[in-house]
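The values are calculated or read from the model by the stated rules, or taken from the named source; none is laboratory data. What you see is a predicted model; the values in this text were computed from it and never measured. Please note: Cβ atoms are built from the backbone with ideal geometry, for glycine as well, and neighbour counts cover all protein chains shown. Remember, those area values only see protein heavy atoms, side chains included, never the ligands or the DNA or RNA. Shrake-Rupley method; radii C 1.70, N 1.55, O 1.52, S 1.80 Å.
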Amino acid sequence: MGTPPPPPPTTYALTVTAPAAGSGTITSSPAGINCPGTCTANFSANTKVTLTATAGTNYSFAGWSGSCSGTGPCSLTITAAASVTPTFNPDYGLIVTLSGTGSGTVTSTPAGINCPTTCTASFPQNTQVALSETPAAGTTFSGWGGACSGTAACTVTIAGASSVTASFGPSGSLQSLNHIIIFAQENRSFDHYFGAMRQYWANNSIPDQSFDGLPQFNPVSGIAPLQGAIPSVPGCDPAQPYPAYTACSPDTSVQVPSFHFTSTCQEEQSPFWNEDHVDWDYNDPTGQSAAALNGFVIAAADDARQQSPALMDTDGIRAMGYFDGNDLNYYYFMASSFATSDRWFSPVMDRTQINRMYLLAATSAGHVHPLVSPEAPLSNTTIFQALQNAGITWKIYVDTDATNCTGSNLTASCLLQYSYLNEFAYGQTVANSPTLSQNLVPLTQYFTDLQNGTLPQFAYIEPPSPVGLDEHPNDVDSSTPINVQAGAHFASGIINALMTSSSWKDSALIFTYDEAGGFYDHVSPQPMPSPDGIKPIDLVAGDICDGPGQIGTGTCDFTYTGYRLPLIVVSPFAKKNFVSHQVRDYTAVLKLVETRFGLPSLTNRDAGQIDMSEFFDFVNVPWATPPTPPAQNTGGQCTLAPPTP
């Protein structure tokens with residue numbers, strides 16, 4: 001017998017799960033597997049087989065499962081039947097588009113995008129792609145659009161096809177502003193706060209220029225306007241002191257002059273529709289003739305007498321008081337360092353709520369009185385809605401001190417109660433949306449955003465009214481009078497935080513007041529376009545302008561501004577010690593935002609404003625290094641006793 005042949009070698013099957021057509025291929029060494037096509041092959045026992053995955057076009061190999069794992073080559077020694085599953089994921093395209101009138105480049109990490117040369121690249125699913133922008137010479141980066149927004153670093157997590165827009169504008173233009181902030185405090189007129197500015201300049205060796213404050217502070221020679229008599233308006237008849245009668249009878253023989261307040265606290269006076277029209281001319285409150293500006297004391301006296309209990313200053317003397325550069329040293333310094341205006345007006349001769357409707361939507365939709373249930377919030381488009389529709393980032397910052405928005409109640413719905421956005425239907429839309437509600441945040445977030453470089457492109461800061469730091473004259477418990485110096489100190493914290501942050505380099509903060517508060521000003525309201533052609537719709541019997549044929553004539557319409565307000569434009573681009581003399585109301589701020597971010601006008605009122613470009617120098621950047629302002633004085637006497645001229 002011969003030697004029997006050796007037994008045949010034992011073989012085992014190796015099976016690869018076929019990938020989707022076009023997604024990739026698997027080959028083996030030694031040969032046998034070429035999948036799809038041949039996805040199962042037999043190999044002798046103890047053979048070492050290496051599988052290699054090759055991704056198809058626009059796919060990436062994501063790894064093995066089964067008898068192998070990881071993303072490298074699959075090596076296994078065949079000792080039994082085995083199976084392996086490869087996974088290929090589709091790549092997704094990222095498209096970068098350059099826009100604007102400037103130029104620049106955008107590159108990516110991981111590499112792939114180098115736009116404008118290579119503006120489209122594919123990346124594996126879930127890849128985090130960081131985009132970096134580099135403006136060309138003479139160009140500034142204006143911000144991201146699409147999958148990113150704002151001006152901070154852009155990182156896109158690839159979960160599908162994505163697109164990003166990078167905008168570049170010429171340096172030396174409005175495109176240099178990447179953050180616009182509005183902060184409006186409460187109820188102070190221009191003469192009342194800044195009337196003594198030229199005296200402050202003289203005292204501090206600041207060169208004089210034209211500035212239309214209180215005439216008693218103008219120089220006797222030099223630049224107009226020159227020194228004039230101390231303004232005075234008729235007071236109440238002293239022969240009939242309150243409470244012998246209710247109304248204040250004007251007495252032209254008793255003149256109340258403009259005077260310096262010795263107290264940093266005052267009782268309020270009404271700036272409502274009726275009182276603001278009496279301020280225009282107590283003989284002609286419907287404005288059929290030029291403004292006499294003679295009714296400030298009378299309106300303030302009547303307001304004090306009508307309240308229950310009556311205020312202390314029932315003769316209305318407080319309407320004629322002013323502060324100077326010692327009282328408001330921070331504001332005087334900032335207005336003298338940066339840009340201001342002596343022709344900056346509230347939008348309408350009326351109270352806070354109505355003017356703030358204009359600040360947010362450039363109209364009150366015909367209302368002269370605040371909305372009262374069952375009136376619905378206004379359906380008008382707000383600036384926030386316009387920004388959201390255009391993909392521009394925004395936030396409303398609300399001070400939560402002395403509110404019930406704490407702990408688990410720190411919600412957008414709670415914050416909305418303390419935001420003037422609640423006057424608009426869009427307020428509820430924001431509060432009810434998981435996404436939009438993130439734009440309604442506590443004021444502490446403002447300081448966090450400054451620290452982290454996450455300030456939005458547009459920010460609106462609500463006045464800190466609940467805690468009594470809004471500078472509003474006292475209209476609450478007189479045991480805790482509101483102090484203008486405390487309010488100014490609060491405002492200085494908002495402004496100084498911006499000046500010392502990384503956002504300073506491309507920001508502008510517009511600081512102003514919502515309306516004049518019934519305090520005297522010697523410049524009359526100015527004609528303005530009606531926002532929408534709507535005439536007053538909610539006048540009641542006894543209201544000024546409610547007489548036959550009066551609505552739509554004189555000042556009985558929305559075709560005049562309110563009274564002048566203080567303004568400080570704080571920005572590295574703000575011209576130094578600049579005073580504008582062009583007439584604007586503060587819907588010009590909306591015009592600034594709309595122009596910068598390419599938004600349509602909200603109404604004819606903001607469309608009709610002169611743009612604010614004259615306040616800025618984008619070429620020389622006057623305040624690249626901000627000034628160091630003084631601490632706001634806080635030691636003034638605070639009393640609500642009736643003042644004495």
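Here are a few things to note about the model shown:
- Relative to the longest principal axis of the Cα atoms of the chain, helix 484-499 runs at roughly 30 degrees.
- In a simple Cβ point-charge model (Lys, Arg +1; Asp, Glu -1; nothing else charged), the chain has a dipole of about 3380 debye relative to its Cα centre.
- For the pair Asp401 and His581, label points projected 7 Å from Cα toward Cβ lie 4.0 nm apart.
- For the chain, calculated [θ]222 nm from helices alone, where every DSSP H run of n ≥ 4 adds -39500 (n - 2.57): -4500 deg cm²/dmol
- Anisotropy class of the stretch 540-581 from Cα gyration tensor, a/c 1.5 cut: prolate
- Amide H contacts of Thr97: Val164, Thr165, Ala166, each under 5 Å away and 5 or more positions distant or on a separate chain (H built 1.01 Å from N in the peptide plane; Pro and chain starts excluded).
- Taking θ as phi - 60° and the Karplus parameters 6.51, -1.76 and 1.60, the scalar couplings of the stretch 518-534 work out to x, 7, 4, 9, 8, 10, 6, x, 10, x, 8, x, 4, x, 8, x, 7 Hz in sequence order, x denoting glycine and proline.
- Part-to-part distance (alpha-carbon centres) for the stretch 236-257 and the stretch 431-463, which is given in Å: 49
- Shown for the stretch 204-341: the carbon plus sulfur share of the solvent-accessible area, taken with all protein chains present and a 1.4 angstrom probe, equals 54%.
- Cα-centre dipole for the stretch 293-387 with unit charges at Cβ (Lys and Arg positive, Asp and Glu negative), debye to 20: 260
- The chain: angle of helix 352-361 to the longest principal axis, Cα-based, in degrees nearest 10: 40
- For the stretch 103-111, backbone phi angles converted through the Karplus equation (6.51, -1.76, 1.60; θ = phi - 60°) give residue-by-residue couplings of 9, x, 10, 10, 10, 10, 10, x, 4 Hz, Gly and Pro being listed as x.
- Projected-area average for the stretch 326-372 over all orientations - Cα convex hull basis, square nanometres: 5.0
- Surface exposure of the chain, expressed per residue as accessible area with a 1.4 Å probe, stands at 39 Å².
- Straightening the chain between Phe447 and His489 buys 13.5 nm, computed as 0.36 nm per residue apart minus the Cα-Cα spacing.
- The length gained by stretching the chain between Thr52 and Ser433 to full extension, at 0.36 nm per residue less their Cα-Cα distance, is 132.3 nm.
- Spin-label model, Ala20/Ile223: points 7 Å from Cα along the beta carbon direction are separated by 7.2 nm.
- For the stretch 278-319, backbone nitrogen atoms closer than 12 Å to the point 7 Å from Tyr242 Cα along Cα-to-C-beta are found at 297-319.
- Length-normalised contact order for the stretch 142-216 - Cα pairs under 8 Å, 6+ apart - percent: 23
- Remark: the stretch 231-359 carries a charge dipole of roughly 280 debye about the Cα centre, counting +1 on each Lys and Arg Cβ and -1 on each Asp and Glu Cβ.
- Options Leu416, Ser341, Gly112, ranked by Cα towards positive dipole end of the chain, top entry (Cβ charges): Gly112
- The alpha-carbon of Lys575 sits under 17 angstrom from the alpha-carbons of these lysines, leaving out residues fewer than 8 places away in its chain: Lys505.
- The calculated FRET efficiency for the pair Asn126 and Thr480, based on their C-beta separation and a Förster distance of 51 Å, comes to about 0.35.
- Selection from Ala229, Ala31, Ile482 lying farthest towards where the dipole of the chain points positive, charges on Cβ: Ala31
- Treating each Cα of the stretch 525-645 as an identical point scatterer and summing with the Debye formula, the log10 of I(q)/I(0) at q = 0.09 Å⁻¹ comes to -0.45.
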